[in-house]
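Visitor: One structure, as structure tokens, below. Some questions next.
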Amino acid sequence: MTLSPSDFAYVAGLVRRESAIVLTPGKEYLVEARLLPVARQAGVASVAEFLGILQRRPDQNAHRSVVDALTTNETSWFRDREPFTALTDVVLPELVTSRISTRSLRVWSAACSSGQEPYSLAMTLQQFLPAGWRYQITGTDISTEMIKRASAGEFSQVEVNRGLPVQLLVHHFARSGTGWKVTPALRENITFQQMNLTAPLPPMGAFDVIFLRNVLIYFDVETKRTVLRNVSRLLRPDGWLFLGAAETTIGVDESFERVAIGRTSAYRPRATVPAGTLGKG
Amino acid sequence: MRLILRRIVGQLGFEVADAEDGRAALDLLAGMENVPDLALVDWNMPNMNGLEFVTAAREDARLREMTLVMVTTESEQSHIVRALAAGAHEYVIKPFTSEAMIEKLALLGLVPTGANT
Amino acid sequence: MSDQTTPTVDNLREIAEQVWSAYLDPEGIRPLMLGETSEASSGVSASVSLTGAWHGHVVVTCSSEAARNAAAAFLAMETTEVSDEDMTDVMGELANIVGGNVKSMLPAATAVSLPHVVTGAANRFPTTRQICELAGTWLDEPFSISMWQSRELAEVPAA
């Protein structure tokens, strides 16, 4: 029972958009094997049937399960590196100047998955912020399962080898059973919460930096607009939005302007007044 | 393990030499005209273990430019801290995937851009 | 010595998952299937000894066929290309990795030996008792990982 070429192409497209993984023909067995548990969990007997339903009724949650099942162990710390370099090179220095009166920053990791992104953000902020500054990170994800995992902060030997400089490993983690667990000091400034970005969002206060990476690709244009509108309401007027490597707001939401930083881009609310005369930051 | 590492770094374009223990490695290095860019070092070896090798390499002016990456099952915090204090640049805990090894090498600037990963 | 520091079969399972995911089954489609297994009459058995604050052995045992498959996976070769030396090396490395990860859960002053590989018979350790075993099949061949503790020390009454 092998996948039809069109089903395979559908899955390959989904996975390629989300990760660097290219599923070449010949890997049908892999897709079958990895997606069978996902199909079963959705109460469907076969992968073909599951994919049929998914293609007729696209579902964000199911899309995520499919990609997660085919990209396990692919989640890296400081994913893509450049956005984190952009933070330390440009964004944080600017915020440290503009937020001097409050000396605190708020960051939202809006598709935090198993937690590597919010913890990477925490490591970056801890390293960069001067003494006396505080930060708060909110990590949200549509999956309750992922939120539980991220909140626990435990990672396997194989997971901590992925893109995490060893100096940060020994500084921010402690051995726990056969794996590693984040230290209380790293964990304490992060809150985790289940959240659906396409629905009206609960009040969360305004953020200085939002990471919304590799989530928009799952949505059609209308839903992308809804999500960006929801998210931008929670971004400070002089805040910074980071999207995934292949994503952009251009053509989707004109209220953002793109700013090139090194080899990556960030998006900022288009100023209705010239920079420097923005209200309380 | 040496065979596996040979395969991974060989694919990145490295020329690979190997030795059985720290002492044999130092002897091999003494005879080389060009000092290698990278040394992947296990911890538990007879004659001279990985920590001793790292210490010796960092003390040798000729070998000082070599990037030292430990590749070992020793995963206690104290071991890692000692290796870093002795001068190791990075540390890979076994088991590791080849992507993880390549990412660690990329962090150290040792993967030429466009290399097959 | 508190029993909480003694590794359990769950810990062995976590370690095995890591090893399979990194070397023997990176695509996640040929896992170690746990369950009853008949002891391989002739196979390969690799062990490392733990000494110091804890005394015992970690043993990885499987059939020759399974060892051949493991070597092929580890070294990215065809099973037909695998030599006896490759099998010994890879089994030794598996014992080394599992043993090393087990050791990191034991008291700090524990040391792990270089691996010892035996073919055609299982490794036998008189004066030890088995603490836990992860047994099953991989690619339909018997495969087991077990931990043994030296009996004398295990029976020393608490001070």
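Derivation of every value follows stated rules applied to the coordinates shown; laboratory data play no part. Computed from a prediction, not measured in an experiment: that's the story for all the values here. Using ideal geometry, Cβ is built from the backbone for each residue, glycine included, and neighbour counts are taken over all protein chains shown.
Visitor: Using only the alpha-carbon atoms, how far is helix C:9-19 inclined from the longest principal axis of chain C? Give it as 0 to 90 degrees, nearest 10.
Guide: Taking Cα atoms only, the helix is inclined about 40 degrees.
Visitor: Next question. Please state the Cα pair-distance histogram of the protein assembly as shown with 20 angstrom bins from zero: what percent is in each bin?
Guide: Taking all Cα pairs of the protein assembly as shown, the binned fractions are 19, 49, 29, 3, 0 percent.
Visitor: Restricting attention to the range A:230-270, which GluC sites (Glu not before Pro) occupy a DSSP loop and are surrounded by at most 12 other Cβ atoms within 10 Å? List each step's numbers first, then the result.
Guide: Working: sites: A:E247, A:E254, A:E257; in loops: A:E247, A:E254.
For GluC sites (Glu not before Pro) across the range A:230-270 that sit outside H, G, I, E and B with at most 12 neighbouring Cβ atoms in 10 Å, the list reads A:E254.
Visitor: Moving on to the next point. Taking every residue in B:86-98, how many Cβ atoms of other protein chains lie within 10 Å of its Cβ, on average?
Guide: 6
Visitor: How far is the Cα center of the range C:80-159 from the Cα center of the range A:131-168, in Å?
Guide: Computed from Cα coordinates, the inter-centre distance equals 33 Å.
Visitor: Sticking with this structure for a sec: Along its principal axes, what span do the Cα atoms of the range A:5-70 show, with the longest given first and each in whole Å?
Guide: Principal-axis extents of the range A:5-70 (Cα, largest first): 28, 22, 19 Å.
Visitor: Taking Cα atoms, how many degrees apart are the long axis of helix C:64-74 and the longest axis of chain C, rounded to 10 and kept between 0 and 90?
Guide: 80
Visitor: For the range B:36-50, what does the Karplus curve 6.51 cos²θ - 1.76 cosθ + 1.60, with θ = phi - 60°, yield as ³J(HN,Hα) per residue in whole Hz, taken in order and with x for Gly and Pro?
Guide: Result, ordered by residue: x, 6, 9, 10, 9, 10, 7, 8, 7, 9, x, 6, 8, 7, x Hz.
Visitor: Dipole of the protein assembly as shown (Lys/Arg Cβ +1, Asp/Glu Cβ -1, origin at the Cα centre): which of C:Q149, A:V170, A:N61 lies farthest to the positive side?
Guide: The listed residue farthest towards the positive side: A:N61.
Visitor: Something else now. State, as an integer percentage, the relative contact order of the range B:2-107 based on alpha-carbon contacts under 8 Å between residues 6 or more apart.
Guide: The normalised contact order for the range B:2-107 reaches 23 percent.
Visitor: While we're here: On a 0 to 90° scale, report how tilted helix A:60-70 is relative to the longest principal axis of chain A, with both axes built from alpha carbons and the result rounded to the nearest 10.
Guide: With both axes taken from Cα atoms, the answer is about 70 degrees.
Visitor: Check which residues have an amide H placed less than 5 Å from C:A53's amide H, if you skip close sequence neighbours.
Guide: Correct list: C:A109, C:T110, C:A111.
Visitor: Only Cα pairs within less than 10 Å get springs; with that Gaussian network setup on chain A, which residue of A:P130, A:P58, A:P203 has the largest fluctuation?
Guide: Of the options given, A:P203 has the highest mean-square fluctuation.
Visitor: Ordered by packing density, taken as the mean number of other Cβ atoms within 10 Å over each peptide's residues, highest first, how do C:124-135, B:81-92 rank?
Guide: Most protected by this proxy first, the peptides run B:81-92, C:124-135.
Visitor: Amide H of A:T183 versus every other amide H placed in the peptide plane: which residues, excluding those fewer than 5 positions away on the same chain, fall under 5 Å?
Guide: A:F173, A:A174
Visitor: Residue by residue, what Karplus-based ³J(HN,Hα) values in Hz, rounded to whole numbers, does the range C:50-60 have, using 6.51, -1.76 and 1.60 with θ = phi - 60° and x for Gly and Pro?
Guide: After applying 6.51 cos²θ - 1.76 cosθ + 1.60, I find 10, 9, x, 6, 9, 10, x, 9, 10, 10, 10 Hz.
Visitor: Relative contact order of the range A:5-70, please, whole-number percent, based on alpha carbon pairs below 8 angstrom and at least 6 residues apart.
Guide: Relative contact order for the range A:5-70 comes out at 36 percent.
Visitor: Applying a 10 Å radius around every beta-carbon, put A:44-55, B:27-38, A:148-159 in order of their mean neighbour count, most first.
Guide: Sorting A:44-55, B:27-38, A:148-159 by mean packing, highest first, produces A:148-159, A:44-55, B:27-38.
Visitor: Still on this structure, please answer the following. Note the per residue figure in Å³ for the convex hull of the C-alpha positions in chain B.
Guide: Convex hull of Cα atoms, per residue: 99 Å³.
Visitor: Please list, in order along the range B:23-30, the HN-Hα scalar couplings obtained from phi with the Karplus expression 6.51 cos²θ - 1.76 cosθ + 1.60 (θ = phi - 60°), rounded to whole Hz, x for Gly and Pro.
Guide: 3J(HN,Hα) across the range B:23-30, in whole Hz: 5, 4, 5, 4, 4, 4, 5, 4.
Visitor: Let me ask something else. If you average the sequence gap of Cα pairs under 8 Å that are 6 or more apart and divide by the length of the range C:1-145, what percent do you get for the contact order?
Guide: 38
Visitor: First obtain the Kirkwood hydrodynamic radius of chain A from its Cα pairs, then insert it into the Stokes-Einstein equation at 10 °C and 1.306 mPa s, and state the resulting D in µm² per second as a whole number.
Guide: Translational D for this selection: 79 µm²/s.
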